[in-house]
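Trainee: Have a look at this one before I ask anything.
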Amino acid sequence: MFKIDQYAYTSSLRHVHPGEKFAFAMLTMSICLAASSVLVPALVTCLTAAAIILVARVPARFYFRLLLLPLGFLVAGLLAITLTISREPDPAVCGFAIRGITLGVTIPGLYHAALLFTKSLGAVSCLYFLSLTTPMVEIISVLRRLKVPALLIELMGLVYRFIFVIMETAGRMYISQTSRCGYAGLKASYRSLAQLVSNLFVKSCYRSQALFTALLARGYTGEIRMWEDPRPVSRKNLALIALVDFILLVLVLVSWRWPV
């Protein structure tokens, strides 16, 4: 089991109705993406971090390590937005010229990059809040109540299950190779890694087919029904969610009129 799943099952918000957490994450993420200033996404990032660390009791070190994962993709994408290349001198560009080509940045470009960065980080933090406080089976249950097509829900469940199948298969193969000194040197490591990757697909396909056969043997008809633990909806939590999202929405509307 992944660490994310462990914290989802052991967090302090585990017994809160999953619909409340799903509504908070989706509404807050939508408001964050609709913002036209860096203030609201920054507030969303701080708010969700406080909810995850202080309320759900997820270790801060683990959460910030999770935030480091998308930073590489964000930085690589923002470089293409921030940098400006021009063949003619432009006083708005702060940079340097190489053989008649001006390479630099502009103030609007920097602001646009900062806005995209904070929006992306805020949206990711909302999804982390949902995944670190709500098990996957409960998320699927909420999607089923929202009348999401059954095919999409089944694909989500099967893909989620096959991730563990692939990880378990890769772990066993790695242990087997290590016990035979497959990673004793650099050359042997590359050779063992190539064999692991090539054989992993074949073994994973075989195990997935065996899993599907087991489902058919147990009466699988295209939909996996799971036990849903009934939980009451808290009016207090709904009021708090409505208040927080209303304040964020007001800030978004103000930022549309007076960008910050």
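Just so you know, all these numbers are worked out from the coordinates, no wet-lab data involved. The structure presented is a predicted model; accordingly, all values stated were derived computationally and were not measured. Glycine also receives a Cβ, built like all others from the backbone with ideal geometry; neighbour counts cover every protein chain displayed.
Trainee: Is one or more of the residues making up region 160-183 exposed (fewer than 11 other Cβ atoms within 10 Å of the Cβ), closer than 30 Å to Val137 by Cα, under 29 Å from the mean Cα position of the chain (by Cα) and in contact (Cβ under 8 Å) with a residue 60 or more places away in the chain?
Mentor: Checked against the condition, which is being exposed (fewer than 11 other Cβ atoms within 10 Å of the Cβ), closer than 30 Å to Val137 by Cα, under 29 Å from the mean Cα position of the chain (by Cα) and in contact (Cβ under 8 Å) with a residue 60 or more places away in the chain, region 160-183 yields no hits at all.
Trainee: If the requirement is being of a type in the set (Val, Ile, Thr) and over 18 Å from Lys3 (Cα atoms), which of these qualifies: Val44, Val58?
Mentor: Within the list Val44, Val58, the selection yields Val44.
Trainee: Moving to a separate point now. In this structure, is Ala239 under 27 Å from the mean Cα position of the chain (by Cα), surrounded by 10 or more Cβ atoms within 10 Å (Cβ to Cβ) and assigned to a helix (DSSP H, G or I)?
Mentor: Taking the combined requirement at face value, the residue satisfies it.
Trainee: Of all the residues that make up region 5-25, how many are part of a helix (DSSP H, G or I), surrounded by 16 or more Cβ atoms within 10 Å (Cβ to Cβ) and of a type outside the set (Asp, Glu)?
Mentor: 9
Trainee: If I ask for residues that are over 25 Å from Thr118 (Cα atoms), among the β-branched types (Val, Ile, Thr) and in contact with a helix residue (DSSP H, G or I) (Cβ under 8 Å, 6 or more places away or on another chain), which ones from region 1-54 would you list?
Mentor: Listed by number, the list holds a single entry, Val16.
Trainee: Could you tell me which of the residues Leu132, Leu116 is surrounded by 14 or more Cβ atoms within 10 Å (Cβ to Cβ), farther than 30 Å from Arg57 by Cβ and within 17 Å of the chain's Cα centre (by Cα)?
Mentor: Sole residue among the options that is surrounded by 14 or more Cβ atoms within 10 Å (Cβ to Cβ), farther than 30 Å from Arg57 by Cβ and within 17 Å of the chain's Cα centre (by Cα): Leu116.
Trainee: Is there a residue in region 244-258 that is touching a residue at least 24 places away in the same chain (Cβ under 8 Å), over 30 Å from Ser36 (Cβ atoms) and surrounded by fewer than 13 Cβ atoms within 10 Å (Cβ to Cβ)?
Mentor: Taking every residue of region 244-258 in turn, none turns out to be touching a residue at least 24 places away in the same chain (Cβ under 8 Å), over 30 Å from Ser36 (Cβ atoms) and surrounded by fewer than 13 Cβ atoms within 10 Å (Cβ to Cβ).
Trainee: What's the total number of residues in region 138-159 that are surrounded by fewer than 15 Cβ atoms within 10 Å (Cβ to Cβ) and charged (D, E, K, R)?
Mentor: Count: 2.
Trainee: Please name all residue pairs, on different chains or six or more residues apart, with Cβ atoms under 7 Å, provided the first residue is in region 199-223 and is loosely packed, with under 10 Cβ neighbours inside 10 Å and the second residue is charged (D, E, K, R) and assigned to a helix (DSSP H, G or I).
Mentor: From residues that are loosely packed, with under 10 Cβ neighbours inside 10 Å, the pairs are Gly222/Glu154.
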